[in-house]
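Undergrad: Here it is, the structure, as structure tokens.
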Amino acid sequence: MTFSIKPTGPNGDEIEFWNGPQGQNWVTQNDLTDLMYDPFGAQALARAELSPGEHVIDIGCGCGKTTGALAERVIPGGRVAALDVSVPMLEIAKRRTSPDLDFVEFVSADAADYNFDQGSYDVLFSQFGLMFFHNMEAAFSNFFGALKPNGRTAFVCWRRPDLNPWLMIPFHAVRRFVPDMPVPSPDVPSSPFSLARQDRLHDLLVGAGFEDVQLEEFRAPTRMGRGDLDECLRFVADFSNPVATALRLSEASEAPKILDAVRDAVAPYHNGNTLELPAASWIVSARRR
């Protein structure tokens, strides 16, 4: 396992972010983030149609849930290269991956300019890991070059913010406490919604050289937190960037009011064991020429 990344280059802010408190939050609560993302990752895995012996790249592998699933599907004879910029998350990914899967390589690297073995991989996969590159055109060109002729990609990314109440409901609840907080937008580079626009996403893939581009609309509830409403609220406070930002930028005396506002906003979505808030994504597939 290689850990050798520094917060430099055009994606330096993202590298620093995922090696700071947010990366540690994901490590601490990786079982809950898995719970939140599993329906979307499962759909993208199905679209990948992996076969034994294939070589796969997992970009933005995080704490390794998808990496293990990919590895199990390419036995025997397969290989998986799992990349992430977050060292704390990669350490968890390595620990939670079975020693029997010794063909899995974990790499601390910025996938946008990582020196992949050109033309060596059958599949490029990602679960919400492709939205955070400053120069998308260069990143996707790099991914394209890593694939074999007729290699393919399958990944999942968010659709527009207004189709994702899991984020926007907490955002609207806290914005009155931080009026200057920017509204989540597909027009912001290196953001969770940077691939949300259908035409932009399609053109990006075609411009990189991909063909047979398919964008499937996929909706499912995000399951945020586990337990009673207050336990779920603690997860939202840590995980939801608008809530975490509002708590960080506000006076300490405002924190109870912020949390009460979020609690009231999400309470209708608590099913007794978790929060189920609507979400919308793209399940994307394409092939190299």
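Undergrad: Before we move on, is Arg223 buried (at least 16 other Cβ atoms within 10 Å of the Cβ), under 25 Å from Cys157 (Cα atoms) and under 17 Å from the mean Cα position of the chain (by Cα)?
TA: Considered against the rule, which asks whether it is buried (at least 16 other Cβ atoms within 10 Å of the Cβ), under 25 Å from Cys157 (Cα atoms) and under 17 Å from the mean Cα position of the chain (by Cα), Arg223 comes out as yes.
Undergrad: Name the residue that is surrounded by the fewest Cβ atoms within 10 Å (Cβ to Cβ), counting only residues in segment 91-135 that are of a type in the set (Phe, Trp, Tyr) and within 23 Å of Arg288 (Cα to Cα). Spell out how you get there, then give the answer.
TA: Filtering segment 91-135 down to residues of a type in the set (Phe, Trp, Tyr) leaves 103, 106, 114, 116, 121, 125, 128, 132-133.
Next, from what is left, pick out any that are within 23 Å of Arg288 (Cα to Cα): 114, 116, 121, 125, 128, 132-133.
On the way: Tyr114: 17, Phe116: 20, Tyr121: 25, Phe125: 30, Phe128: 22, Phe132: 25, Phe133: 25.
Selected residue: Tyr114.
Undergrad: Considering only segment 3-19, state which residues are modelled with pLDDT under 75, of a type outside the set (A, V, I, L, M, F, W, C) and buried (at least 19 other Cβ atoms within 10 Å of the Cβ).
TA: Asn11
Undergrad: Could you please find all residues in segment 101-140 being part of a loop (DSSP other than H, G, I, E, B), more than 26 Å from Trp282 (Cβ to Cβ) and without any contact (Cβ under 8 Å) to a residue 40 or more places away in the chain?
TA: Of the residues in segment 101-140, the ones part of a loop (DSSP other than H, G, I, E, B) are 101-103, 109-120, 128-135.
Right, trim to more than 26 Å from Trp282 (Cβ to Cβ) and you get 101-103, 115, 117-120.
Of everything in segment 101-140, those that are part of a loop (DSSP other than H, G, I, E, B), more than 26 Å from Trp282 (Cβ to Cβ) and without any contact (Cβ under 8 Å) to a residue 40 or more places away in the chain turn out to be Leu101, Asp102, Phe103, Asn115, Asp117, Gln118, Gly119.
Undergrad: Would you confirm whether or not segment 65-75 contains a residue that is open to solvent by 70 Å² or more (accessible area, probe 1.4 Å), under 27 Å from Gly12 (Cβ atoms) and in contact (Cβ under 8 Å) with a residue 12 or more places away in the chain? Steps first, please.
TA: So the first thing to find is which residues in segment 65-75 are open to solvent by 70 Å² or more (accessible area, probe 1.4 Å), and the list is 65, 72-73, 75.
Checking the rest, the ones that are also under 27 Å from Gly12 (Cβ atoms) come to 65.
This time we only want the ones that are in contact (Cβ under 8 Å) with a residue 12 or more places away in the chain, so: 65.
Yes, some residue in segment 65-75 is open to solvent by 70 Å² or more (accessible area, probe 1.4 Å), under 27 Å from Gly12 (Cβ atoms) and in contact (Cβ under 8 Å) with a residue 12 or more places away in the chain.
Undergrad: One residue is enough: does segment 138-159 have a residue meeting the conditions within 22 Å of Arg223 (Cα to Cα), open to solvent by less than 10 Å² (accessible area, probe 1.4 Å) and of a type in the set (Val, Ile, Thr)?
TA: Kept after step one, since they are within 22 Å of Arg223 (Cα to Cα), are these residues of segment 138-159: 155-159.
Applying the additional criterion that residues be open to solvent by less than 10 Å² (accessible area, probe 1.4 Å) yields 155-158.
From the residues that got through so far, the ones that are of a type in the set (Val, Ile, Thr) too are 156.
For segment 138-159, residues within 22 Å of Arg223 (Cα to Cα), open to solvent by less than 10 Å² (accessible area, probe 1.4 Å) and of a type in the set (Val, Ile, Thr): present.
Undergrad: Hey, another quick one. Need the failing condition index for Leu90 against (1) part of a helix (DSSP H, G or I); (2) farther than 25 Å from His134 by Cα, just the number.
TA: Checking Leu90 against (1) part of a helix (DSSP H, G or I); (2) farther than 25 Å from His134 by Cα, the one that fails is (2).
Undergrad: With open to solvent by less than 30 Å² (accessible area, probe 1.4 Å), within 25 Å of Trp18 (Cβ to Cβ) and outside any strand (DSSP E or B) as the only criterion, which of Pro192, Pro186 stands out? Quick ask: steps written out before the conclusion?
TA: Values: Pro192 fails: open to solvent by less than 30 Å² (accessible area, probe 1.4 Å).
Residue meeting the stated conditions: Pro186.
Undergrad: Output the residues belonging to segment 141-156 that are in a helix (DSSP H, G or I) and in contact (Cβ under 8 Å) with a residue 60 or more places away in the chain. Even if it seems obvious, please write down each step before you answer.
TA: Initially, segment 141-156 is screened for residues in a helix (DSSP H, G or I), giving 141-146.
Across segment 141-156, the qualifying residues are Ser141, Phe143, Phe144, Ala146.
Undergrad: Which of the numbered conditions does Val213 fail, given that it passes all the others? Conditions: (1) at pLDDT 95 or above; (2) surrounded by fewer than 17 Cβ atoms within 10 Å (Cβ to Cβ); (3) out of contact with any Leu (no Cβ under 6 Å at 6 or more places or on another chain); (4) closer than 19 Å to Arg159 by Cβ.
TA: Among (1) at pLDDT 95 or above; (2) surrounded by fewer than 17 Cβ atoms within 10 Å (Cβ to Cβ); (3) out of contact with any Leu (no Cβ under 6 Å at 6 or more places or on another chain); (4) closer than 19 Å to Arg159 by Cβ, Val213 violates only (3).
The values are calculated or read from the model by the stated rules, or taken from the named source; none is laboratory data. Everything numeric here is computed off the predicted structure, so don't read it as measured data. Note: ideal-geometry Cβ built from the backbone for every residue, glycine included; neighbour counts use all protein chains shown. Ligands, DNA and RNA are excluded from the accessible area calculation, which covers all protein heavy atoms including side chains. Shrake-Rupley method; radii C 1.70, N 1.55, O 1.52, S 1.80 Å.
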